[in-house]
Amino acid sequence: MHKKIIALCLVCSVFGSTTAFATTNTKSTLNNNNSIQATTSTIVPPAVTQAVPQTTLETAPSELIGLDKYITRNSNGTLTLDVSKAIKSSYQSKTVNGLAAHLDVLNKLIKSGELVTDNNLNINITNKATTNSDLSAVTMAADVGVTVTHYFWWGYNRYLSNNTVHKVVGNLNGIGGVGGTYGAVCGIIGVVSPVSLVAEILTSGYILLLANRIDTNNVGRGVCIHMANEMVYTVVSQ
């Protein structure tokens with residue numbers, strides 16, 4: 001697993017960008033549309049434009065729709081996925097296992113008191129939630145937009161304010177020349193990586209392109225990174 005390369009398939013415009021990640025052992029190629037595409041199968045989410053409605057950002061990607069019926073909320077608020085039933089009902093094992101890894105991250109935050117859930121699988125941040133110390137100082141100055149994470153059973157929306165975007169883009173570009181781990185990139189963005197993905201290698205091309213997409217979609221008011229459990233990203237302006 002540690003030798004696998006997480007490649008990128010990105011479809012973007014000045015008005016918004018859709019980025020899909022997939023784990024593969026093959027090399028990536030740069031096409032005429034300025035995107036990096038894996039030479040093997042890639043998870044591609046529905047196209048999302050700059051004018052994406054808020055309800056879309058709070059909706060699970062198509063490949064995850066319906067999986068919530070296999071999630072049980074436990075008495076302590078944690079969430080458990082019935083992996084075997086989900087796979088038997090025709091969902092791909094990679095999709096199901098990816099969701100299970102995401103729920104592991106959520107459950108740690110639930111147990112620490114930083115998140116709370118309800119019977120409808122809504123997830124809310126509590127006043128115990130911690131802020132990434134490297135990013136918190138950035139938002140102290142005059143700023144536009146917010147820096148916060150909204151969690152869902154299928155993934156999350158990571159909002160970065162204008163000032164925070166500059167910090168994040170600078171840090172991504174800083175490691176982009178040599179590449180880095182998925183865990184390191186998540187740390188820069190300000191989210192927690194599933195344990196199973198912490199050591200996965202991200203190519204320098206991916207990191208630099210992600211930095212570019214965040215910077216391009218900022219337009220002075222911050223961005224929202226819409227992330228599903230299978231590392232599927234959409235970057236839009238706040």
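Of the listed peptides 117-126, 169-178, what is their order by residue-averaged count of other C-beta atoms within 10 Å, with the highest listed first? Could you put the intermediate results ahead of the total?
Working: 117-126: 12.6, 169-178: 16.1.
Order by mean packing, descending: 169-178, 117-126.
Let me know the shape class of region 147-238, please: from the alpha-carbon gyration tensor, a ≥ b ≥ c as square roots of the eigenvalues, rounded when a/c is under 1.5, otherwise prolate if a/b is greater than b/c, or oblate.
Numbers: a/c = 1.83, a/b = 1.08, b/c = 1.69.
Oblate shape, in that a/c is at least 1.5 and b/c is the bigger or equal ratio.
How many lysine pairs are close in region 55-207, with Cα atoms under 19 Å apart and the two 8 or more places apart or on different chains? Each step should come with its number before you reach the end.
Working: 69/85; 69/88; 69/94; 85/94; 108/128; 111/128.
Number of lysine pairs found: 6.
Report the accessible area of residue 146, computed with a 1.4 Å probe over the heavy atoms of all protein chains in place, in Å² rounded to the nearest 10.
Number for this one is 80 Å².
If DNA, RNA and ligands are ignored and the probe is 1.4 Å, what is the ranking of 87, 110 by accessible area, most exposed first? Could you put the intermediate results ahead of the total?
Working: 87 65, 110 15 Å².
The residues order as 87, 110, largest area first.
At a Förster distance of 25 Å, what's the computed FRET efficiency of residue 119 paired with residue 57, Cβ-Cβ distance as r, to 0.05? Working shown, then result.
Numbers: r = 23 Å, r/R0 = 0.91.
So, using R0 = 25 Å, E works out to roughly 0.65.
Could you tell me the accessible area of residue 79 in Å² (1.4 Å probe, neighbours in place), rounded to the nearest ten?
The accessible area of residue 79 comes to roughly 0 Å².
Expressed as a whole percent, how much of the Cα-Cα distance distribution for region 94-224 exceeds 21 Å?
Details: 3811 of 8515 pairs.
Above the 21 Å cut-off, region 94-224 has 45 percent of its Cα pairs.
Starting from the residue with the highest accessible area, list 200, 58 in decreasing order, probe 1.4 Å. Intermediate values should be presented prior to the final figure.
On the way: 200 0, 58 90 Å².
Greatest to least solvent exposure: 58, 200.
The values are calculated or read from the model by the stated rules, or taken from the named source; none is laboratory data. This one's a predicted model, so the numbers in the text were calculated from it and none came from an experiment. Backbone-built Cβ (ideal geometry, glycine too); neighbour counts: all protein chains shown. The accessibility values were calculated without ligands, DNA or RNA, using every heavy atom of the protein model including side chains. Shrake-Rupley method; radii C 1.70, N 1.55, O 1.52, S 1.80 Å.
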